[in-house]
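Notes follow the structure.
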Amino acid sequence: MTTVIHMNDVTMSFGSNQVLRGVELDLHSGEVTGLLGANGAGKTTLIKILSGANSNYSGTVAIDGAAVTIDSPSTSRALGIEAVHQRISDGIVPGLSVAENLLFEGIVVSEVPRFASSRSLVPRAREVAAVLDLDWSDAFLRSDAHGLPIADRQLLLLARALVRKPRLLVLDEPTSALSEVEAVRLFGVIERLRDSGVAILYVSHRLGEIDDIADRLVVLRDGVVCGEHTPPFDWHQALQEMLGAAGAESHASTDEMRGSDEVLKLTGVKLLPKAQTFDVAFRAGEVAGVFGLLGSGLSELANGIFGSEPFRAGRMTLQGEPFAPRSPAESIGRHVFMVPEDRMAGTIIADWSISATATFPFLKAVSRFGLLNPRAESAVGKAVVEDFGVVALSEDDPVVSLSGGNQQKVVIGRWLREQPLVMILDEPFQGIDVGARRDLCKRTREIAAAGAAVITMSSDLEEIMQVADRVLVFVDGDLRFDSYLSETSRDEILQRLSEVG
């Protein structure tokens, strides 16, 4: 088997943060290599090095045994590397037609005339679409790509990458937006490419997909390749490598809290298109840790409860009364609060101070006759800084000037000006240091002890075992396991996560 790509001691840092730490990786022609890693493992950085988006790396990348410098996306493509990234919107150019987007690479390098008529572009675009058997009409090909549904955007990018007949094809979560029929079609294309000698790097958190399609599995953790496997894959071992050895021990043996009153009850809920429905209840006075890999439905669960996006099916009750929020505002009015996964996009406004950020959900409390009271706003900000140990010069500091951990303390602290019935924390420890994580774990448990039903969602098992009383395991939108931590073990949790199919 021929080695197409050889990565030797590849290292990359962003400031003081070393993301890749001497990666060694071979990618072979005619082989599908599955790449598995938790959030923050370095997968995206590695992909961007291969695709030319991250050029400031050290170490060696060799193609057919000859060292190369991949300093731009155009260089990467010239070397025969095509990548379809997870952020689909980054590859689509709004304002251009579907046909122009399909032919975009050819237009950039003048293989296709830049100002060609749509009449001449459509037949060429149809040839590109045919790579994936996409029977798109002429009217569809002439329409603005801005209005495309996400699944069609994904298919467009895949077709555009495949038409150039790459030597290495990198697919990052390629089925995240596809239906089952579209995914099966993609797997057929991957098999044909493998048989024709293309090297394929397939990145996914869907273990069943890797099990079906991959010839080899590589596990990345903390910027280092820590495991390689051949079929049949030992998923339990691979997940141990991915998530690391047991670090933080569960507190459940000493101070486990068990709630008795069901505050929030979900019945017949469906999170993902191919998932089964499930019932679950969340109780006051305990922390429920919802654990699953990327794409397992955790964010869909959080957004459905909070009213950001409706469930595909199902209903809820809150304190025994029907609960069907049509917006986050309705949830907040019922004392159901949420800290979203992306705090920068979902909760923080760049120019705002700590005080402004801390008071935003409850402006009425710091206003009189519809006018904001700066003194009251400042008092709330100061209280959040003092109560949560936020490291800042004053409550007037811009919130973006704080470290990630201190930003998260402000975001969580602002909700606690009022006692919640339900507190949802979606990946609350992402991007914060160990000390801040310990502080937030303590405060999270205090919220539950005060009577809230706390739901903490994480793809890191150690975080769940450190903060939660109870663990719920989701796989592909299905609730696979529900147990108090004192009645289970880390090994059993991983076993349930690793059950493929």
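The values are calculated or read from the model by the stated rules, or taken from the named source; none is laboratory data. Keep in mind that this is a model prediction, so the values were computed, not measured. FYI the Cβ positions are ideal-geometry reconstructions off the backbone, even for glycines, and counts take in every protein chain you see.
Looking at this structure, is Gly34 closer than 24 Å to Gly80 by Cβ and in a loop (DSSP other than H, G, I, E, B)? No: the conditions fail for Gly34. Any idea how many residues of segment 136-157 are free of Cβ contacts under 8 Å to residues at least 40 places away in the same chain and either hydroxyl-bearing (Ser, Thr, Tyr) or assigned to a loop (DSSP other than H, G, I, E, B) (or both)? Residues flagged as free of Cβ contacts under 8 Å to residues at least 40 places away in the same chain and either hydroxyl-bearing (Ser, Thr, Tyr) or assigned to a loop (DSSP other than H, G, I, E, B) (or both) within segment 136-157 amount to 3.
Selection within segment 430-447: residues that are modelled with pLDDT of 75 or more and not hydrophobic (A, V, I, L, M, F, W, C). The member of this set that is farthest from Leu461 (Cα to Cα) is Glu446. For first residues located in segment 10-30 and free of Cβ contacts under 8 Å to residues at least 40 places away in the same chain, partners that are β-branched (Val, Ile, Thr) and lie 6+ apart or on another chain with Cβ distances below 9 Å form the pairs Ser13/Val19; Phe14/Thr45; Asp26/Thr3; Asp26/Val4; Asp26/Ile5; Asp26/Thr33.
Select from segment 173-225 the residues that are among the basic types (Lys, Arg) and at pLDDT 90 or above and write down the one among them that is farthest from Leu461 (Cα to Cα).
Applying the filter and picking the extreme gives Arg194.
Quick check on this structure: which one of Val380, Val366, Val454, Val385 is at pLDDT 80 or above, farther than 22 Å from Ala302 by Cβ, buried (at least 19 other Cβ atoms within 10 Å of the Cβ) and not basic (Lys, Arg)?
Selected residue: Val385, the only one of Val380, Val366, Val454, Val385 that is at pLDDT 80 or above, farther than 22 Å from Ala302 by Cβ, buried (at least 19 other Cβ atoms within 10 Å of the Cβ) and not basic (Lys, Arg).
The single condition among (1) at pLDDT below 85; (2) buried (at least 20 other Cβ atoms within 10 Å of the Cβ); (3) over 25 Å from the mean Cα position of the chain (by Cα) that Lys165 does not satisfy is (2). Condition check for Thr357 on (1) at pLDDT 80 or above; (2) hydroxyl-bearing (Ser, Thr, Tyr); (3) touching a helix residue (DSSP H, G or I) at 6+ places or on another chain (Cβ under 8 Å): one failure, at (1).
Pairs linking a residue in segment 367-387 that is within 21 Å of Gln408 (Cβ to Cβ) and free of Cβ contacts under 8 Å to residues at least 40 places away in the same chain to a residue that is outside any helix (DSSP H, G or I) and small (Gly, Ala, Ser), with Cβ atoms under 7 Å and 6 or more positions apart or on different chains, are Gly381/Ser353; Val385/Ala392.
Of the numbered conditions (1) at pLDDT 95 or above; (2) surrounded by 18 or more Cβ atoms within 10 Å (Cβ to Cβ), Asn303 satisfies every one except a single condition; which is it? Looking at each condition in turn, Asn303 falls short on (1).
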